[in-house]
Amino acid sequence: MITSNSVATGVPGSQLPTNTAGPSTGSASTTGTNGSNPANSSALLSQNFNTFLTLLTTQLQNQDPLSPLDTNQFTQQLVSFSEVEQQINTNSNLQSLISLQQTSQALSALPLVGQTIQYNSATAPLSNGQASFAYTVPSGAQQAMLVVTDANGQTQLVQPGDPSAGAHAFNWNGQTNSGNTAPPGNYTLSVSATDANGNALAVPITSSGVVNGVSVQNNVATFNVDGISVPMTELVTVAPSSSSH
């Protein structure tokens with residue numbers, strides 16, 4: 001019902017005329033909004049709706065009395081605006097529910113503060129003279145080599161590992177191959193395992209550490225393990241920390 005000579009003003013598919021004089025033949029669409037923020041979308045919808053009402057009033061004032069405009073198109077436009085408003089409200093409510101769920105996850109993780117957790121990562125903190133890892137060797141391995149690197153990628157320790165199939169704990173005391181004691185920090189373990197033919201084998205690694213705090217990062221409840229961010233989704237097991245005894 002609105003002129004085809006138009007420009008878009010914030011609602012994809014919307015057509016708003018630059019010339020409001022006289023009857024019109026086009027139509028405005030309100031099938032979507034720009035951006036995912038409900039507040040921004042609501043503001044854009046309100047702006048477009050006010051523009052639509054202004055254009056509608058102008059067209060009614062300038063319509064040909066002998067050929068009045070079709071009111072069915074007006075009704076369709078109003079219904080479209082109503083539908084978009086409902087979608088925006090739905091998105092806003094969903095975001096509120098997600099925010100509440102995130103807060104609930106963080107609160108449910110609070111009892112784990114002070115506890116030792118095992119998590120899916122090859123990086124563990126060296127704290128109180130120990131960094132705790134675990135690696136699982138697949139069957140068929142003939143040899144395994146353990147390599148510990150610091151946060152800068154510098155090798156601190158290289159030593160043989162246990163090539164037998166199954167899970168193995170590796171508790172590093174911070175002693176390096178040079179005979180020095182590594183300072184506290186985050187260290188990464190890598191395990192190089194090969195079979196009888198020299199083929200490399202994948203060795204899953206987990207780490208352990210004490211939870212110092214809980215936060216929400218990237219919409220996921222996340223543990224702080226001595227400066228290492230561990231998403232709750234990477235949690236493997238929970239055990240009382242040694243400090244709690």
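The values are calculated or read from the model by the stated rules, or taken from the named source; none is laboratory data. Since the structure is predicted, the reported quantities are computational estimates derived from the model, not experimental observations. So basically every Cβ, Gly included, is an ideal-geometry build from the backbone, and we count neighbours across all protein chains shown.
A few comments on the model shown:
- Hits in segment 184-223 - residues which are surrounded by fewer than 17 Cβ atoms within 10 Å (Cβ to Cβ), farther than 23 Å from Gln154 by Cβ and not aliphatic (A, V, I, L, M): Thr194, Asp195, Asn197, Gly198, Asn199, Pro204, Asn212, Gly213, Ser215, Gln217, Asn218, Asn219
- Within segment 104-129, if we keep just the residues that are polar (S, T, N, Q), at pLDDT 90 or above and out of contact with any Pro (no Cβ under 9 Å at 6 or more places or on another chain), the residue that is nearest to Asn186 (Cα to Cα) turns out to be Thr123.
Condition check ((1) of a type in the set (S, T, N, Q); (2) at positive phi; (3) out of contact with any strand residue (DSSP E or B) (no Cβ under 7 Å at 6 or more places or on another chain); (4) not assigned by TED's automatic domain parsing to the domain that holds Val137) across all residues:
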{"position": "Gln154", "(1), (2), (3), (4)": "yes, no, yes, no"}
{"position": "Ser164", "(1), (2), (3), (4)": "yes, no, no, no"}
{"position": "Ser208", "(1), (2), (3), (4)": "yes, no, no, no"}
{"position": "Asn219", "(1), (2), (3), (4)": "yes, yes, yes, no"}
{"position": "Val230", "(1), (2), (3), (4)": "no, no, no, no"}
{"position": "Thr237", "(1), (2), (3), (4)": "yes, no, no, no"}
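- Positions within segment 224-237 being under 15 Å from the mean Cα position of the chain (by Cα), surrounded by 15 or more Cβ atoms within 10 Å (Cβ to Cβ) and at pLDDT 90 or above, in sequence order: Val230, Pro231, Glu234
- Subset of segment 158-180 that is touching a residue at least 24 places away in the same chain (Cβ under 8 Å) and part of a strand (DSSP E or B) - its residue that is surrounded by the most Cβ atoms within 10 Å (Cβ to Cβ): Trp172
- Ala141 meets the stated requirement of being out of contact with any Gly (no Cβ under 7 Å at 6 or more places or on another chain) and not basic (Lys, Arg).
- For segment 178-206, the tally of residues that are under 23 Å from Gln143 (Cβ atoms) and either touching a Ser or Thr at 6+ places or on another chain (Cβ under 8 Å) or of a type outside the set (S, T, N, Q) (or both) stands at 16.
- Some residue of segment 70-83 being part of a helix (DSSP H, G or I), buried (at least 19 other Cβ atoms within 10 Å of the Cβ), at pLDDT below 85 and under 29 Å from the mean Cα position of the chain (by Cα): no
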